[in-house]
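Enquirer: Let me begin by handing over the structure; questions about it come next.
The values are calculated or read from the model by the stated rules, or taken from the named source; none is laboratory data. Please read all numbers here as calculations on a predicted model, not as lab measurements. Here Cβ is always computed from backbone atoms with ideal geometry, including for glycine, and neighbour counts include all displayed protein chains.
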Amino acid sequence: MFLKVLVTDHVRVDPNKFGMTTDEAVRTQLEESYSGFQDKDIGTVVSVLDVKEVKEGIIIPGDGAAYYESTFELIVFRPELHEAVYGTIEEVTNFGAFMNMGVIRGMIHISQTMDDFVSFSDTGTLTGKDGKKTLAQGDNCIARIVAISYRGEEPKIGLTMRQPGLGKLDWVQADKEKLKRQNAELVAKEAKATKGAKGAKK
């Protein structure tokens with residue numbers, strides 16, 4: 001999920017920014033240093049929202065930069081287990097698909113792409129056995145996070161689309177319309193049964 005977090009850190013401002021005001025220099029340095037920064041506890045930094053406080057700077061002998069203890073707000077994306085996420089299929093392989101969630105991407109194993117036996121075609125698509133569902137690059141989908149691992153620089157996100165309300169947006173819409181029809185049929189059936197019961201009493 002996207003969150004706003006408050007962070008306090010010592011910001012190293014390079015000498016080439018000394019011509020700016022202190023606040024401008026600190027903000028510019030934060031945007032350079034924190035853009036795309038990933039941390040298990042904080043998440044993936046999307047942007048620097050605001051600089052709340054900048055204390056007096058210090059210079060360390062032998063280092064031409066200035067250090068400012070600063071408090072600032074960040075917008076971050078922090079994946080949570082069982083969270084439903086929206087994204088676009090970026091790549092399809094014979095073992096599954098990769099979904100771009102805007103900030104990071106997750107992997108959907110072929111067995112988790114749809115509630116069906118799935119095969120990979122030469123055209124680069126995943127197709128269900130019944131032939132009604134296909135998944136290809138560029139498809140917009142809703143998935144659920146089922147695994148999070150932080151080994152390496154980028155977090156590894158495992159996704160599933162086999163649960164109700166998940167999958168390619170076309171599938172989700174089709175399921176909604178099917179449920180709507182079923183509910184309408186059930187209401188009509190109950191109304192008919194009630195009308196018949198009243199007629200029998202007369």
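Enquirer: Is it fair to say Met114 is under 13 Å from the mean Cα position of the chain (by Cα) and either outside the structural domain of Ile145 (by TED's automatic domain parsing) or closer than 18 Å to Thr160 by Cβ (or both)?
Expert: no
Condition check ((1) outside the structural domain of Ile157 (by TED's automatic domain parsing); (2) free of Cβ contacts under 8 Å to residues at least 60 places away in the same chain; (3) touching a His at 6+ places or on another chain (Cβ under 9 Å)) across all residues:
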site: Val54; (1), (2), (3): yes, yes, no
site: Gly57; (1), (2), (3): yes, yes, no
site: Ile60; (1), (2), (3): yes, yes, no
site: Gly64; (1), (2), (3): yes, yes, no
site: Tyr68; (1), (2), (3): yes, yes, yes
site: Gly96; (1), (2), (3): no, yes, yes
site: Met101; (1), (2), (3): no, yes, no
site: Arg105; (1), (2), (3): no, yes, no
site: Asp122; (1), (2), (3): no, yes, no
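Enquirer: Consider only pairs whose beta carbons are under 8 Å apart and that are at least six residues apart or on different chains; among these, list those whose first residue lies in the range 30-42 and is within 15 Å of Arg105 (Cα to Cα) and modelled with pLDDT of 85 or more and whose second residue is surrounded by fewer than 15 Cβ atoms within 10 Å (Cβ to Cβ) and of a type in the set (D, E, K, R).
Expert: Gln38/Glu153; Gln38/Glu154
Enquirer: If you go through the range 1-55, how many residues are closer than 20 Å to Glu83 by Cβ, charged (D, E, K, R) and assigned to a strand (DSSP E or B)?
Expert: Here the count works out to 2.
Enquirer: Let me ask another. Just name the residue that is surrounded by the most Cβ atoms within 10 Å (Cβ to Cβ) out of those in the range 1-32 that are within 18 Å of Thr44 (Cα to Cα) and touching a Lys or Arg at 6+ places or on another chain (Cβ under 7 Å).
Expert: Gln29
Enquirer: Oh, and also: Going by what's in this entry, would Ser149 be described as among the hydroxyl-bearing types (Ser, Thr, Tyr) and within 19 Å of the chain's Cα centre (by Cα)?
Expert: yes
Enquirer: Moving on to the next point. Just for strands (runs of 3 or more DSSP E) wholly inside the range 56-175: which have at least 3 residues that are under 30 Å from Leu3 (Cα atoms), at pLDDT 90 or above and aliphatic (A, V, I, L, M)?
Expert: By residue number, 66-77, 84-93, 140-149.
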